[in-house]
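Trainee: The structure's right below; bear with me while I get my questions together.
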Amino acid sequence: MGDGEPPPSQPSSAPLPHPKPPDAITMEDGKAPSSQPSSTPLPHPNSSITSWGNGKTSSPQRSSSPGLTLPYSAMAPSERPQTVDIQSEGSPHSGHSLTSDIIELSAEKWFLDWTTGVLAGSHSNTATFHRPGKVHGVITASPQIVEHMLKSNFENYPKGIRFRTLLEDFLGRGIFNTDGELWKIQRKTASYEFNTKSLRNFALENVTMELQTRLIPILENAAKNERILDFQDILERFAFDNICKVAFNVDPGCLIGDATSGGEFMQAFEDAATLSSGRFMYAFPGLYKIKKFLNLGSEKKLQNSIATVHEFADKIIRSRMEERAEKKDEDLLSRFIGNSENSAEFLRDIVISFILAGRDTTSSALSWFFWLLSSRSDMEEKILMELEIIRQKNHKVIGDTYNFDELREMNYLQAAISEAMRLYPPVPVDTKACKEDDILPGGTFIGKDWFISYHTYAMGRMENIWGKDCCEYRPERWLENGICKQENPFKFPVFHAGPRQCLGKDMAYIQMKSIAASILERFGMDVLLEKGKCPEHVLSLTLRMKGGLPVKVKDRNV
């Protein structure tokens, strides 16, 4: 959702079995890490079905605390794979130091939560990282360091050669995978378009039409026939159709087709994102190049997936160029097509970048939002009450569309969505490169050509940032006198921050609130999950649920 894409989120779930930890991981700090206990797993009131509404009115399923409690670490402190080596305080190299000889750390399901525990145990919420092949870096959950790298010392922390090289096959030279002048050119063009009133209006009109003519009828049909839906898949298809129409003025019709419509591209896109991000986790950086040269394993599958994605993107470009000869369009792609210096390959990179931004991030945020809401009917009732007040104030009934002003009045809904993204950010980790040696706020040294990653997922679980209730899902933390407040972007870098802050932030909130409001006021849902089971994270560029989000839909008005 930011302007750059990270190395991947690793699969993680809670509660998890405690796998055998890696043997060669060490940490160094000025003091021993604190043993902050894991929070209890998210409660699910029913044994096999978590109720999100009941089709009509629901009695609140309240937890013993004012909010849901989520695990910051899936492993007990005594079982975390770590040893402690004390360094003297004040050393410019102070901070946790991790050394790993794991061949593919991405295979470990507990990575996100384990690293969260490591950062929580560091006095600076920062760790240095060393791997074979001279790969060194820093991982941080410190807002001060995030501000330093994304704003104060921005020029010293570009994407870097390593990042660009690992993702180049998939993202090419698109805006999420470039630095310097090429990034500035793309940013300027996209920024101009995002700031136009015409695009904002078109985006809202399009999402409203997609809701009324496609998504709502699908949910009505599912409720009538008592079908089980993968709601994550539905949201991804909806977002894919929406971004293609807004950014390229092309309608792929993925949501309204049969079970296989757009399926080949959708699967290829997911595979390409997942396998590309997996390259970051090889302990030996050059291993993927050998596999690619020999056309083996994951690299063979990656190249096949990228070929399918490129074919789809090329079709969009050809279609838009043919239409452009007949009429003038002002969508995002048309502005890039209008520059004769942009090659077909470059235009393809633009298409892929905007699909990644528009499809994966909003669908990820909403999937986790609906899952979190599923066990808090009291919060659902607050959202429904807010929607009813807005409808009455503006003389509307359920099913009427909401305009910009009405959507902006949905403060509790925005707080609930923001709280979901705090705990499950669409982009859980983002990475930059260090151009020159630097001393980070707090005293941690970072060397030239090291990588530096800010851990957004971990930041949402830090007591010193969000308080002792940091592992609770509690939308009220975002409200001041009933108004949803704007958080410090370096404390909440879900939309990136600084010069590369997400251009579509406001549009994303408008669209997510429009989708959530339209669904919630019409439908209740039963989320089909085992008791106490949290969805696993999928290793990809964005935070997705492994196995999807299975739901049964119930019409509130029946």
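The values are calculated or read from the model by the stated rules, or taken from the named source; none is laboratory data. Keep in mind that this is a model prediction, so the values were computed, not measured. Virtual Cβ from ideal backbone geometry, glycine too; neighbours counted across all protein chains shown.
Trainee: Could you please find all residues in the stretch 521-544 being surrounded by fewer than 21 Cβ atoms within 10 Å (Cβ to Cβ) and closer than 28 Å to Leu204 by Cα?
Mentor: Across the stretch 521-544, the qualifying residues are Glu521, Arg522.
Trainee: Related question: From (1) more than 29 Å from Lys184 (Cα to Cα); (2) surrounded by fewer than 22 Cβ atoms within 10 Å (Cβ to Cβ); (3) among the aliphatic types (A, V, I, L, M); (4) in contact with a strand residue (DSSP E or B) (Cβ under 7 Å, 6 or more places away or on another chain), pick out the condition that doesn't hold for Ala415.
Mentor: Unmet condition: (2).
Trainee: Does the stretch 358-380 contain any residue that is free of Cβ contacts under 8 Å to residues at least 12 places away in the same chain and among the acidic types (Asp, Glu)? Don't jump to the end; show me each part of the working.
Mentor: In the first step, residues of the stretch 358-380 are kept if they are free of Cβ contacts under 8 Å to residues at least 12 places away in the same chain; the result is none.
Within the stretch 358-380, none of the residues are free of Cβ contacts under 8 Å to residues at least 12 places away in the same chain and among the acidic types (Asp, Glu).
This table checks each residue for (1) touching a strand residue (DSSP E or B) at 6+ places or on another chain (Cβ under 6 Å); (2) closer than 30 Å to Arg200 by Cβ; (3) not in a loop (DSSP other than H, G, I, E, B).
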{"site": "Ala273", "(1), (2), (3)": "yes, yes, yes"}
{"site": "His310", "(1), (2), (3)": "no, no, yes"}
{"site": "Leu333", "(1), (2), (3)": "no, yes, yes"}
{"site": "Ile352", "(1), (2), (3)": "no, yes, yes"}
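Trainee: Same structure, new question: Picking from Leu296, Leu333, which residue would you name as being farther than 16 Å from Ser540 by Cα, at pLDDT 75 or above and under 28 Å from the mean Cα position of the chain (by Cα)?
Mentor: Leu333
Trainee: Continuing with the same structure: Among the listed residues Leu112, Leu167, Leu199, which satisfies the condition of being surrounded by fewer than 21 Cβ atoms within 10 Å (Cβ to Cβ) and at negative phi? Spell out the reasoning first.
Mentor: Values: Leu112 fails: surrounded by fewer than 21 Cβ atoms within 10 Å (Cβ to Cβ); Leu167 fails: surrounded by fewer than 21 Cβ atoms within 10 Å (Cβ to Cβ).
None of the other options fit; the residue is Leu199.
Trainee: Hey, another quick one. Going through Pro441, Pro493 one at a time, which residue ends up being in contact (Cβ under 8 Å) with a residue 24 or more places away in the chain and either crowded, with 23+ Cβ neighbours inside 10 Å or of a type in the set (Gly, Ala, Ser) (or both)?
Mentor: Details: Pro441 fails: either crowded, with 23+ Cβ neighbours inside 10 Å or of a type in the set (Gly, Ala, Ser) (or both).
After applying the criteria, what remains is Pro493.
Trainee: Follow-up. Can you spot a residue in the stretch 451-472 that is part of a helix (DSSP H, G or I), of a type in the set (A, V, I, L, M, F, W, C) and free of Cβ contacts under 8 Å to residues at least 60 places away in the same chain? Can you show your working first?
Mentor: The initial filter retains those residues of the stretch 451-472 that are part of a helix (DSSP H, G or I), namely 456-459, 463-466.
Those still in the list that are of a type in the set (A, V, I, L, M, F, W, C) too: 458-459, 465-466.
Pick out the ones that are also free of Cβ contacts under 8 Å to residues at least 60 places away in the same chain and you get 466.
Scanning the stretch 451-472 turns up at least one residue that is part of a helix (DSSP H, G or I), of a type in the set (A, V, I, L, M, F, W, C) and free of Cβ contacts under 8 Å to residues at least 60 places away in the same chain.
Trainee: Let me ask you something else. Regarding the stretch 177-184, can at least one residue be identified that is touching a helix residue (DSSP H, G or I) at 6+ places or on another chain (Cβ under 7 Å) and among the basic types (Lys, Arg)?
Mentor: Scanning the stretch 177-184, I find no residue that is touching a helix residue (DSSP H, G or I) at 6+ places or on another chain (Cβ under 7 Å) and among the basic types (Lys, Arg), so the answer is no.
Trainee: Let me ask something additional. Looking only at helices (runs of 4 or more DSSP H) that lie completely in the stretch 360-412, which have at least 3 residues being surrounded by fewer than 22 Cβ atoms within 10 Å (Cβ to Cβ) and modelled with pLDDT of 95 or more?
Mentor: Hits in the stretch 360-412: 377-393, 404-408.
Trainee: I've got another one for you. Just the residues that are small (Gly, Ala, Ser) and in contact with a Leu (Cβ under 9 Å, 6 or more places away or on another chain), please, taken from the stretch 395-422. Break it down stepwise before answering.
Mentor: Kept after step one, since they are small (Gly, Ala, Ser), are these residues of the stretch 395-422: 399, 415-416, 418, 420.
Scanning the stretch 395-422 gives Ala415, Ala416, Ala420.
Trainee: A further question on this structure: Any chance the stretch 431-444 includes a residue that's of a type in the set (Asp, Glu) and at pLDDT below 95? Steps first, answer last, please.
Mentor: Filtering the stretch 431-444 down to residues of a type in the set (Asp, Glu) leaves 436-438.
Next, from what is left, pick out any that are at pLDDT below 95: none.
Checked against the condition, which is being of a type in the set (Asp, Glu) and at pLDDT below 95, the stretch 431-444 yields no hits at all.
Trainee: Please enumerate the residues belonging to the stretch 170-196 that are within 21 Å of the chain's Cα centre (by Cα), closer than 23 Å to Glu155 by Cβ, touching a residue at least 24 places away in the same chain (Cβ under 8 Å) and surrounded by 22 or more Cβ atoms within 10 Å (Cβ to Cβ).
Mentor: Leu171, Gly174, Ile175, Phe176, Asn177, Ala190
Trainee: Still on this structure, I have one more. Is it the case that the stretch 276-292 has a residue that's crowded, with 20+ Cβ neighbours inside 10 Å, among the hydrophobic types (A, V, I, L, M, F, W, C) and free of Cβ contacts under 8 Å to residues at least 40 places away in the same chain?
Mentor: no
Trainee: Another question, if that's okay. Of all the residues that make up the stretch 540-558, how many are out of contact with any Leu (no Cβ under 9 Å at 6 or more places or on another chain) and hydrophobic (A, V, I, L, M, F, W, C)?
Mentor: Qualifying residue count for the region: 2.
Trainee: Outside any helix (DSSP H, G or I) and touching a residue at least 12 places away in the same chain (Cβ under 8 Å): is that true of Leu229 in this structure?
Mentor: Details: outside any helix (DSSP H, G or I): yes; touching a residue at least 12 places away in the same chain (Cβ under 8 Å): yes.
Against the criterion (outside any helix (DSSP H, G or I) and touching a residue at least 12 places away in the same chain (Cβ under 8 Å)), Leu229 qualifies.
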